[in-house]
């Protein structure tokens with residue numbers, strides 16, 4: 001999972017560690033897209049392989065580490081399409 005923080009990005013690893021990189025989330029989004037990552041909202045990019053569940057309304061998802069993330073309204077349609085393709 002990647003989280004935006006102004007001009008930095010916090011990268012969360014599956015082992016619980018995190019790292020801060022001096023690159024914007026927008027720049028990293030294009031690099032990570034081929035690896036099954038999806039931009040859920042303004043500040044979050046997640047690896048869809050680690051999504052544990054999606055709420056019935058499809059507006060929230062739960063990650064493997066039990067973090068809940070809200071999907072932005074304007075990204076909801078493309079998120080649903082992406083999930084159906086998998």
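The values are calculated or read from the model by the stated rules, or taken from the named source; none is laboratory data. None of these values were measured; they are calculated from a predicted model. Note: ideal-geometry Cβ built from the backbone for every residue, glycine included; neighbour counts use all protein chains shown.
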| field | Those residues of segment 36-55 which are in contact with a helix residue (DSSP H, G or I) (Cβ under 9 Å, 6 or more places away or on another chain) and assigned to a loop (DSSP other than H, G, I, E, B), in sequence order | value | 36, 42, 43
| For segment 56-86, what are the residues that are assigned to a loop (DSSP other than H, G, I, E, B), out of contact with any strand residue (DSSP E or B) (no Cβ under 7 Å at 6 or more places or on another chain) and surrounded by 12 or more Cβ atoms within 10 Å (Cβ to Cβ)? | 58, 67
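The rows are residues; the columns are (1) more than 12 Å from residue 2 (Cα to Cα); (2) at pLDDT 90 or above.
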{"site": "22", "(1), (2)": "yes, yes"}
{"site": "25", "(1), (2)": "no, yes"}
{"site": "39", "(1), (2)": "no, yes"}
{"site": "44", "(1), (2)": "no, yes"}
{"site": "49", "(1), (2)": "yes, yes"}
{"site": "55", "(1), (2)": "yes, no"}
{"site": "77", "(1), (2)": "yes, no"}
{"site": "85", "(1), (2)": "yes, no"}
| Mind checking which residues of segment 1-35 are assigned to a loop (DSSP other than H, G, I, E, B), surrounded by 11 or more Cβ atoms within 10 Å (Cβ to Cβ) and either without any contact (Cβ under 8 Å) to a residue 12 or more places away in the chain or under 10 Å from the mean Cα position of the chain (by Cα) (or both)? | 1
